[in-house]
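> Quick one: the structure is below, questions incoming.
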Amino acid sequence: MPAHHLSDEILMAYAAGSLPEPLSLVVVSHVTLCPACRAQMETYEALGGSLIEEIAPVGLPDSALSDIFARLDDEASGPGEADPWGRAPARTPADHRSVDGSVPRPLRDYLGQDLSALNWRSVIRGVEEAEIALDGGEVRTRLMRIQPGVAVPKHTHGGEEVTLVLTGGYSDAGGHYARGDVQVADPTVDHQPVADPGEPCLCLVISDAPLKLTGPIGRWLNPFITY
Amino acid sequence: MEQAANVAIRREAVLPDSFTFGGVARVSTAPERVNRKADPRYLAGLLNAVGRNRDRDAFAELFQYFGPRVKAYLMRQGANEALAEELVQESMIMVWRRAESFDVSKSGASTWIFTIARNKRIDALRREKRPEYDPDDPALVPAAVEDADAMVEAAQQSQRLSVAIKTLSKEQADLVKMAYFEDKAHGRIAEETALPLGTVKSRLRLALGHLRKALMEEQ
Ligand SMILES: [Zn+2]
């Protein structure tokens, strides 16, 4: 069970559907590994369900329902989806078989099955990163791999940064971070993470461009900025 | 057997005067007939009937209840009427196709349909992918047994939430609704309500704390 969690505010924003995609990816990856935040997130989805029932309904045309039935019938007789009246194809166990379980499925969907096939580039000795193709605007989304015991040079962030540990762990002045833990670093934090001995530390990292404090992440994480 | 149980649940429902069984043609979406909130167990029964038996009448009732609400939700989010109606269709088609995967022990029907409408909205209005966790993910860390036992049953949770929302102050309730119905970061909400951002955040936090407490209290 992770020790460093996501804030309620972010879990609620995910449930409401107002988080930008990179931050949503961090949320679903964390809740895969954290039953506590998962339950919390689902409570906020239940709140959405409750609110949508209380919304003042806006009438639909009388034909709306028969249109749906007609659409399903049409698709059933024409080409296209196999059996629109039938059931959605379920994921088979085979879909999961080749997955090693270290990377949560929603993140894996962005990466493909083979981590070594990603476009890794060396940052410094013992630290590599691979960009994740995702239309996040000014937000960068990447995987970082730090070899055991390696210290990432002391640095401050130009913008906000959110890190989710996938394997291994690291320590910095803020504490120890292991699988499933989330660290939110604002630009004022001057930190020097040191990877744990043992296995390499693999992290999902999203970061706002330097000096883009009003960007999509900062908007969510930094309580002091007005815009 | 399962079928019989389903029918029993449906008969018990509190809605018999506004929802009757029968042909599809009779379904009307007149708002005055659907303004009342439905019994969550009844809605779950309808969704199960669609999932298990491809029951068109049950689907028609779900559509009558949720269609106009999903439309209202999408319009609050900035969709024009035509787009909202198109997305209602797509959402309800998704409801039909995925009903089998609905699990009443995990979520209420309204929650399940809300997440479908929300995802359609993100897809269409924001043109973004919507990552979701997968309950069958081999990487998923399950809840400890005692936590799972302590979890409030979904239908019960939904009822408690609707009670709890009514106990929020008007300001708090308005903020929570803005957070869910208008695709806005809290900063934008602050702008529009002319409240300082810190106030928006602390009021939302209070509201959330209040709702959470209401959920955990013994009945
Ligand atoms: Zn957590």
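> Enumerate the calculated ³J(HN,Hα) couplings along the stretch B:57-72 in order (Karplus 6.51 cos²θ - 1.76 cosθ + 1.60, θ = phi - 60°), each rounded to whole Hz, writing x wherever the residue is Gly or Pro.
Calculated HN-Hα couplings, in order: 5, 5, 4, 4, 5, 4, 5, 4, 7, 8, x, x, 6, 4, 4, 4 Hz.
> Using a cut-off of 14 Å between beta-carbons, work out the net charge of the residues near residue B:169 (Lys and Arg +1, Asp and Glu -1, residue B:169 not included).
+3
> Further question: Return the sequence-ordered ³J(HN,Hα) values of the stretch A:12-29 in whole Hz as given by the Karplus equation 6.51 cos²θ - 1.76 cosθ + 1.60 applied to θ = phi - 60°, using x for Gly and Pro.
5, 5, 4, 4, 6, x, 10, 7, x, 3, x, 5, 4, 5, 5, 4, 5, 5
> Also, I was wondering about something else. Please list the non-local residues whose amide H lies under 5 Å from the amide H of residue A:191, H modeled 1.01 Å from N, same-chain partners needing a gap of 5 or more.
Close amide H contacts, sequence-distant or interchain: A:155.
> If you count, for every residue in A:168-181, the Cβ atoms of partner chains within 10 Å of its Cβ, what is the mean?
0
> Summarise the partner chain shielding of B:38-47 as one whole number: the mean count of Cβ atoms from other chains within 10 Å of each residue's Cβ.
Partner-chain Cβ atoms within 10 Å, mean over residues of B:38-47: 1.
> Next up: Taking the Cβ of residue A:14 as the center, what net charge do the other residues with Cβ under 12 Å away carry, scoring Lys and Arg +1 and Asp and Glu -1?
Counting the neighbours of residue A:14, the net charge comes to -3.
> Hey, with R₀ at 25 Å, roughly what FRET efficiency would residue B:105 and residue A:135 work out to, going by the Cβ-Cβ distance, to 0.05?
Computed FRET efficiency for residue B:105 and residue A:135 comes out at 0.10.
> Summing +1 for each Lys or Arg and -1 for each Asp or Glu, what net charge is found among the other residues whose Cβ lies under 12 Å from the Cβ of residue A:178?
With Lys, Arg at +1 and Asp, Glu at -1, the net is -2.
We did not get these values from a lab; they are worked out from the coordinates using the rules stated. Predicted model only: the values in this text are computed from it and were never measured. As a convention, Cβ positions derive from the backbone with ideal geometry for all residues, glycine included, and neighbour counts pool all protein chains shown.
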